[in-house]
1. If I go through segment 89-134 residue by residue, how many of them are of a type in the set (Val, Ile, Thr) and under 13 Å from Pro161 (Cα atoms)?
2. When residues of segment 209-230 are filtered for being within 14 Å of Ser144 (Cβ to Cβ) and touching a strand residue (DSSP E or B) at 6+ places or on another chain (Cβ under 6 Å), how many remain?
3. Of everything in segment 123-147, what is among the β-branched types (Val, Ile, Thr) and within 10 Å of Ile94 (Cα to Cα)? Give them in sequence order.
4. Within segment 151-164, can one find any residue that is more than 18 Å from the chain's Cα centre (by Cα) and in a loop (DSSP other than H, G, I, E, B)?
5. When you scan segment 1-32, how many residues do you find that are surrounded by 14 or more Cβ atoms within 10 Å (Cβ to Cβ), touching a helix residue (DSSP H, G or I) at 6+ places or on another chain (Cβ under 8 Å) and in a loop (DSSP other than H, G, I, E, B)?
6. Can you tell me which residue is farthest from Pro222 (Cα to Cα) among those in segment 124-143 that are of a type in the set (D, E, K, R) and more than 22 Å from the chain's Cα centre (by Cα)?
7. Here are some residues: His203, His162. Which one is surrounded by fewer than 22 Cβ atoms within 10 Å (Cβ to Cβ), in contact with a strand residue (DSSP E or B) (Cβ under 6 Å, 6 or more places away or on another chain) and closer than 18 Å to Gly63 by Cα?
8. Quick one: which of Ser179, Ser196, Ser188, Ser169 is crowded, with 16+ Cβ neighbours inside 10 Å and either at pLDDT below 95 or in a loop (DSSP other than H, G, I, E, B) (or both)?
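The values are calculated or read from the model by the stated rules, or taken from the named source; none is laboratory data. Since the model is a prediction, treat every value here as computed from it, not as a measurement. Cβ placement follows ideal geometry from the backbone for every residue including glycine, while neighbour counts extend to all protein chains displayed.
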Amino acid sequence: MIEVLYEDNHLIVVKKPPNVLTQSNESSDKNMLDLVKQYVKEKYNKPGDVYIGMIHRLDRPVGGVLVFARTSKAASRLSKQVQNRSVEKTYYCIVEGNVKDKKGKIIDYMIKDRNANMSSIVNENTQGAKKAILNYEKCSIAKSGNHIYTLLKIKLETGRPHQIRLQLSNMGYPIWGDSKYGRVKDRSTKALALWSYRMKINHPTKKEDIVFETLPDLEVRPWSLFSKII
């Protein structure tokens, strides 16, 4: 059963659980696109295929706000907002180490190897390189055993594949539990402390800003380390 955060004739916004695909891949694992289609089909007793438009994606281990369009017109208008960077995306993440600066902006150039499903930071003159920009704010630090962790609030200006994970790791602060870009060597790990907690869009028909928010399970580690802050 999916958790719906907002729904009207043009949009459906859901809370994506961690470790669920946004859309299908070569595996037969469940994915949010199919789950939302099934939800709409059953709720409104719709015959045949149900149209649900993809607006953006979240990496499989990332949870949080996920927006879908219910009409092609809404999908087109929302996709343009994503392309022109007018959609505001805000994340929480927990990184290893004590981030020194209270606030900062990271600007890199990235390229993705689709065969390996990995992104890399490259020189801006590299063919196919795309600019990646994020802003971060240090919220708090916490200690667990001999380790220090920092809770960061991230605002994306661009939406490159694995952008937050790669840029923070490249800065020296990998995200807790990141098996791709962090210090975790076990690629079967299912914990990644990265959460899409807020999105602001302009409604495709009402032409007014609308905000969606949802939080991770603050009783589960490592989020429980910062449950009084978030």
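1. Step one: list which residues in segment 89-134 are of a type in the set (Val, Ile, Thr), which gives 90, 94-95, 99, 106-107, 111, 121-122, 126, 133.
This time we only want the ones that are under 13 Å from Pro161 (Cα atoms), so: 111, 121, 133.
Final tally of qualifying residues: 3.
2. Qualifying residue count, segment 209-230: 3.
3. Selection gives Ile141 alone.
4. no
5. The total comes to 4.
6. Checked segment 124-143; the qualifying residue farthest from Pro222 (Cα to Cα) is Glu124.
7. His162
8. From the options Ser179, Ser196, Ser188, Ser169, the qualifying one is Ser179.
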